[in-house]
Each structure stands twice: as C-alpha cells, then as structure tokens.
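First up is the structure itself, then whatever we jot down about it.
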Amino acid sequence: MTDIDGKALPTNGKEAFTIYPAQKGFQCAAFGNKIWLNKAEFKLEIEENVLFWSVQPNENVQSFHRHATNFVNDNELDATSHAIVIDNGDTIKNVGSIRTRFTRVTDDFAKEIIGTWEG
C-alpha cells in the first residue's frame, strides 16, 4: 500500500500480496510487533470488481480482506478496502472503508538478498 485516501501512508508496515491466476495467492505482512505473515497462502474469490480473501497461518491468527476495485492497470490497483486481523479471538486490526492504492512490484531482489544476514 502506498497511500490511503490520497495521502501517503506514514508507516514502516508493509503488506505484499502475490496473486496467481488459479485464484490463489500469498500474503506477507507485519501487524505491529505482534504478527508476521510470511507467504501465508489464501484462496481468492472475485465477485465482479471485488476481491475477497482470508488467511489463517495458524490456529490463533485470522486475516480477512475485501477490496472493491475502483481501477486497475499494469502498475496500480486502486480499491476501497476493509481488513480485519484477529489473534486468539481478539481483533487487533480493523481498518475499513478506506481507499487504498497498491503498486505492482516487478523487481526481483532474490540475487541481492542471498547470503547470511544477522540482525
């Protein structure tokens, strides 16, 4: 996400969605300091211009997404979005009816990150 409601998104949090033609995808995301999803698989449902998916990487965490597409081109997807993240029955994120813009990432950074890293 690069902006919300036309304003820059002031966060170091990132979400990456990889969507495949077979109506499945993977989500990588950080939700505060509490949850990190790494290539959590989801099944994608598309109804007209609305994308729906849910992710459950383990028995405690669930993430639900709804993105009503306003426009999409080769580089951007603009949508009115709603997302809920639940951890152990507690809602830890509930963002709704915001306009979001996703940008397509085409760079492959695999070569740059291969190696041993410590942090």
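The values are calculated or read from the model by the stated rules, or taken from the named source; none is laboratory data. Fair warning: this is a prediction, and the values are worked out from it, not measured in the lab. Neighbour counts are summed over all protein chains in view; Cβ atoms, including those assigned to glycine, are modelled from backbone coordinates with ideal geometry. For accessibility, only protein heavy atoms count, side chains too; no ligands or nucleic acids. Shrake-Rupley method; radii C 1.70, N 1.55, O 1.52, S 1.80 Å.
Odds and ends about this structure:
- Selection status of PHE102, out of contact with any Pro (no Cβ under 6 Å at 6 or more places or on another chain), in contact (Cβ under 8 Å) with a residue 40 or more places away in the chain and under 24 Å from ALA22 (Cβ atoms): yes
- Which listed residue, of VAL61, VAL95, is open to solvent by less than 70 Å² (accessible area, probe 1.4 Å) and touching a Leu at 6+ places or on another chain (Cβ under 9 Å): VAL61
- Residue ID - most open to solvent (accessible area, probe 1.4 Å), chosen from residues in the stretch 24-53 that are more than 16 Å from PHE102 (Cβ to Cβ) and modelled with pLDDT of 90 or more: GLU48
So that you can scan it fast, the table gives a plain yes or no per residue for (1) part of a loop (DSSP other than H, G, I, E, B); (2) modelled with pLDDT of 90 or more:
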position	(1), (2)
PRO57	yes, no
HIS65	no, yes
LEU77	no, yes
ASN94	no, no
THR106	yes, no
GLY115	yes, no
